[in-house]
Amino acid sequence: MTVCEFRAGLEGVPVTQSSISFVDGQKGILEYRGIPIQELAEKSTFLETAYLLIWKELPTKEELEAFKNEIRYHRRLKYRIRDMMKCFPESGHPMDALQACAAALGLFYSRRALDDPTYIREAVVRLLAKIPTMVAAFQLMRKGNDPVQPRDDLNYAANFLYMLNEKEPDPLAAKIFEVCLVIHAEHTINASTFSAMVTASTLTDPYAVIASAVGTLAGPLHGGASEEVIEMLEEIGSVENVRPYLDDRLQRKARIMGFGHRVYKVKDPRAIILQELAEQLFEKFGHDKYYDIATELERAVEEKLGGKGIYPNVDFYSGLVYRKLGIPTDLFTPVFAISRVAGWLAHWKEQLNENRIFRPTQIYTGLHSVPYVSIDDR
Ligand code: SDX
């Protein structure tokens with residue numbers, strides 16, 4: 001076995017061959033199955049995009065209708081999952097609740113038939129259908145209320161906002177949320193997708209795979225950054241305080257949340273789309289002063305760090321959109337997870353075809369042949 005050179009964080013190390021999505025970090029290009037993200041954001045829906053990612057092609061009208069009907073049918077949760085959620089502490093983070101529920105789904109569908117296309121489709125449908133219901137249910141239950149049942153007459157995006165806010169969303173809000181789901185769905189081999197792949201490589205069930213990925217996405221260096229960005233903007237408090245704040249953070253070698261990316265060395269194309277969505281929302285529902293702080297921070301960071309290729313990533317503007325949609329700050333990452341389930345499942349399914357367990361090696365820096373010292377002699 002030849003040992004490759006050590007690369008911290010596996011930077012630049014290909015761990016798979018995939019045709020699901022493509023990113024050019026220098027040009028700011030993102031494509032799903034070769035289709036530019038800008039086209040999908042403008043013309044597609046989340047379920048159509050999920051179908052494209054998972055089954056390689058855009059569905060026909062009949063295929064999409066059948067898929068939507070299956071998702072609609074499976075949106076409801078088993079009452080035992082809801083009962084389990086009633087035992088969760090209100091103070092718990094929604095990502096921990098989601099990870100527990102995703103793993104618990106496996107208790108109900110424990111058959112592992114990874115060579116059966118019907119089983120694979122059922123798992124895909126159940127996870128895409130039930131994850132939004134879980135996120136919305138936890139939100140209502142942690143406020144002491146009963147969760148509301150999904151509404152079959154609402155599409156995927158509108159139904160989530162309905163379950164979360166207990167009222168039908170404004171059509172523009174639903175459309176903008178749909179675009180957010182499309183552009184968060186997939187992003188090559190990011191940390192949570194890689195986590196899903198490593199878990200999947202042992203041939204465990206897809207519910208365990210998604211639970212692994214949810215746990216990974218939760219971290220502040222990954223999907224958790226969107227929540228941190230809003231906290232940062234609130235801490236800055238005013239446009240005048242942007243530069244003093246930035247200077248202080250940089251002096252302390254602290255990270256500016258929502259900026260920087262392992263691959264993008266220009267502004268994340270998704271941040272550009274999210275900024276446009278934010279402006280559409282502000283025009284209709286009123287301005288948000290934190291947007292002025294954010295744009296000033298973007299200018300200031302570009303002056304200081306643009307030379308190092310540090311620009312806004314997907315998490316920088318997403319929180320400002322979600323706030324306007326009535327989504328609580330600590331639900332931003334669960335919303336990211338709702339969307340990224342599509343990408344995680346696409347990689348899970350793609351990997352099943354040529355699976356080999358992930359088992360990397362190490363460069364050993366420890367000692368050898370060390371004698372055991374009994375506790376009385378230590
Ligand atoms: C997502 O991978 C994906 O595709 C992820 C994602 C997806 O769709 O799945 O795009 C979603 O996770 C977006 C990223 C959200 N995270 C954040 O916003 C957290 C803040 N960003 C950083 O922590 C950082 O940029 C990472 C984690 C995103 C990337 O880290 P890398 O590639 O390991 O970069 P690094 O830590 O090696 O930093 C390289 C240099 C360092 O400076 P030097 O020590 O070389 O002088 O850039 C600096 C870093 O200090 N740097 C930053 C910075 N990010 C990198 N300096 C200040 N603020 C930052 N945000």
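Converting phi to 3J(HN,Hα) with the Karplus coefficients 6.51, -1.76 and 1.60 and the offset θ = phi - 60°, the stretch 25-35 yields x, 7, 9, x, 9, 9, 10, 9, 6, x, 8 Hz in sequence order, with x at every glycine or proline. Per the helix-only calculation at 222 nm, which mean residue ellipticity applies to the chain, given -39500 (n - 2.57) for every DSSP H run of n ≥ 4 and division by its residues, nearest 500 deg cm²/dmol? Computed ellipticity for the chain at 222 nm equals -18000 deg cm²/dmol. When the Cα gyration tensor is reduced to axis lengths a ≥ b ≥ c, the ratio a/c is 1.5 or higher for the stretch 181-297, and with a/b above b/c it is classed as prolate.
Full extension of the chain between E240 and V15 gives 76.5 nm of extra length, using 0.36 nm per residue less the Cα-Cα distance. Solvent-accessible surface of the chain, taken per residue with a 1.4 Å probe and all protein chains present: 49 Å². Where in the stretch 340-378 does the amide nitrogen come within less than 16 Å of the point 7 Å from the Cα of I35, taken along Cα to Cβ? Residues 342-343, 346 fall inside that zone. If a/c stays under 1.5 just call it rounded; otherwise compare a/b with b/c (prolate if a/b is bigger, oblate if not). Do that for the chain, with a ≥ b ≥ c from the square roots of the Cα gyration tensor eigenvalues. Since a/c stays below 1.5, the shape of the chain is classed as rounded. Distance between the 7 Å Cα→Cβ label points at K86 and K175: 4.1 nm.
As a length-normalised measure over Cα pairs under 8 Å and 6 or more apart, the relative contact order of the stretch 225-324 settles at 47 percent. Show which lysines lie in cross-link reach of K349 when reach means a straight Cα distance below 28 angstrom and same-chain residues fewer than eight apart are skipped. The reachable lysines, counting only those whose Cα sits under 28 Å from K349, are K43, K56, K61, K68, K78, K130. Which one of Y264, Y79, Y207 has the biggest mean-square fluctuation once the chain is modelled by GNM with Cα springs under 10 Å? Among Y264, Y79, Y207, the largest mean-square fluctuation in the Gaussian network model of the chain belongs to Y79. If you add up the charges near R151, with Lys and Arg at +1 and Asp and Glu at -1, over every other residue whose beta carbon is less than 14 angstrom from its beta carbon, what do you get? My count for the surroundings of R151 gives +1. Applying 1/(1 + (r/R0)^6) with R0 = 30 Å to the Cβ-Cβ distance of T202 and R255 gives a FRET efficiency near 0.35. Helices that extend 20 Å or more along their long axis by alpha-carbon positions and average at least 1.0 on the Kyte-Doolittle scale are, among the DSSP H runs of the chain, 94-108.
Taking the 1.4 Å solvent-accessible surface of the stretch 225-324 as the whole, the part contributed by carbon and sulfur is 45%.
Ordered by packing density, taken as the mean number of other Cβ atoms within 10 Å over each peptide's residues, highest first, how do 347-354, 113-120 rank?
Peptide ranking by packing, descending: 347-354, 113-120.
Rounded to whole numbers, the Karplus 3J(HN,Hα) couplings from phi for the stretch 362-374 are 8, 9, 6, 10, x, 9, 10, 6, 7, x, 6, 10, 5 Hz, using 6.51 cos²θ - 1.76 cosθ + 1.60 with θ = phi - 60°, and x at Gly and Pro. The amide H of S21, built 1.01 Å from its N in the peptide plane, has R33, T188 as neighbours under 5 Å, considering only residues 5 or more places off or on other chains.
Straight Cα distances below 18 angstrom link K143 to the lysines K86, K167, with same-chain residues fewer than 8 positions distant left out. Given the C-alpha centroids of the stretch 111-150 and the stretch 270-311, what is the distance between them in whole angstrom? Rounded to whole Å, the Cα centres lie 33 Å apart.
Taken as Cα centroids, the stretch 336-372 and the stretch 3-24 sit 12 Å apart, rounded to the nearest whole angstrom. Once both labels are positioned 7 Å from their Cα atoms along Cα-to-Cβ, the gap between R151 and W55 label points is 2.8 nm. In terms of Cα to Cα distance under 24 Å, which lysines are near enough to K289, apart from those fewer than 8 places away along the same chain? Answer for K289, where 24 Å is the Cα cut-off: K175, K267, K304, K324, listed by chain and number. For the peptides 311-321, 245-255, residues were scored by their other Cβ atoms within 10 Å and the scores averaged per peptide; the highest-first order is 311-321, 245-255. Under a 5 Å amide H cut-off, with hydrogens placed 1.01 Å from N, I29 pairs with D24 among residues at least 5 apart or on other chains.
Solvent-accessible area of the stretch 24-168 (1.4 angstrom probe, protein heavy atoms only): carbon and sulfur portion equals 48 percent.
When Rg and the Kirkwood Rh are both derived from Cα coordinates, the Rg/Rh ratio for the stretch 265-377 amounts to 1.25.
Put simply, the amide H of F259, placed in the peptide plane, has neighbours under 5 Å in N313, leaving out anything fewer than 5 places away on its chain. Full extension of the chain segment joining N69 with D330 gains 90.9 nm, where the gain is 0.36 nm per residue of separation less the Cα-Cα distance. Of the peptides 183-192, 58-67, the ranking by mean beta-carbon count within 10 Å, highest at the top, reads 183-192, 58-67.
The values are calculated or read from the model by the stated rules, or taken from the named source; none is laboratory data. The structure presented is a predicted model; accordingly, all values stated were derived computationally and were not measured. Neighbour counts run over all protein chains shown; Cβ positions are idealised from the backbone, glycine included. Surface accessibility is based on the protein's heavy atoms, side chains included, excluding ligands, DNA and RNA. Shrake-Rupley method; radii C 1.70, N 1.55, O 1.52, S 1.80 Å.
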